[in-house]
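Report on the structure given below.
The values are calculated or read from the model by the stated rules, or taken from the named source; none is laboratory data. In this text, all values refer to a predicted model and were calculated from it rather than measured experimentally. Cβ: placed from backbone, ideal geometry, glycine included. Neighbour counts: every protein chain shown. Just so you know, the surface numbers come from the protein's heavy atoms only, side chains and all, with ligands and any DNA or RNA stripped out. Shrake-Rupley method; radii C 1.70, N 1.55, O 1.52, S 1.80 Å.
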Amino acid sequence: GEGEVAERFAVFQSGSKQFKVVAGDVVYMEKLDVPVGAAVRFSRVLMVAGLEWTLVGRPAIGGAAVEAVVEEQGRAGKVVNFKMKRRKGYRRKKGHRQYVTRVRVVGIVVDERELEEGRVEREMAPMPQVRREMWRLD
């Protein structure tokens with residue numbers, strides 16, 4: 001809930017975009033070709049941090065993955081592409097709706113060996129507030 005500190009967070013990449021998530025997060029992302037209800041595993045994890053440690057990938061962490069479930073396949077709100085050349089009577093209007101997939105993060109898995117080798121102990125820093133959704137399903 002609000003104000004609660006998560007056990008660990010991860011930054012992973014999908015569809016050339018990066019997402020910072022904790023277990024239970026819901027994320028809208030570039031369409032994945034996976035049916036609703038299916039489990040999906042993101043293995044390109046760039047960073048994982050717990051309360052006492054941080055793992056930073058170079059660029060990715062081999063033994064880490066973010067596990068999620070596909071909740072919905074849909075399209076984001078309309079984006080209007082309007083072109084006009086002034087005084088020339090030229091106008092073009094075109095709509096676009098991006099295909100998006102809504103996933104719910106189930107957990108963040110880290111190979112124990114990775115923890116032993118790559119962990120960095122750290123002082124507690126305040127968690128950065130991250131801007132959430134790029135897309136909304138309307």
Review point. Pairs under 7 Å by beta carbon, first residue closer than 16 Å to R104 by Cβ in the stretch 1-15, partner modelled with pLDDT of 85 or more and assigned to a loop (DSSP other than H, G, I, E, B), six or more apart or different chains?
Key: A6/A23; F12/R44
Revision key, fill the gap. How many residues of the stretch 57-85 are part of a strand (DSSP E or B), among the small types (G, A, S) and surrounded by fewer than 16 Cβ atoms within 10 Å (Cβ to Cβ)? The answer is 1
**Study point:** Residue match in the stretch 79-92 (condition: closer than 30 Å to E112 by Cα and either over 13 Å from the mean Cα position of the chain (by Cα) or of a type in the set (D, E, K, R) (or both))
**Key:** no
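Take the stretch 31-61 and flag every residue that is of a type outside the set (A, V, I, L, M), farther than 29 Å from E117 by Cα and touching a Ser or Thr at 6+ places or on another chain (Cβ under 7 Å). Can you show your working first?
Here is the first cut: in the stretch 31-61, the ones of a type outside the set (A, V, I, L, M) are 31, 33, 35, 37, 41-44, 50, 52-54, 57-59.
From what's left, farther than 29 Å from E117 by Cα: 31, 33, 35, 37.
K31, the sole residue that qualifies.
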Revision key, fill the gap. Exception for R92 within (1) open to solvent by 30 Å² or more (accessible area, probe 1.4 Å); (2) not in a strand (DSSP E or B) falls at (2)
Practice item. Six or more apart or on different chains, Cβ under 9 Å: which pairs go from a residue in the stretch 19-41 that's under 10 Å from V69 (Cα atoms) to one that's open to solvent by 40 Å² or more (accessible area, probe 1.4 Å) and not in a strand (DSSP E or B)? Could you list them? Key: V26/E133
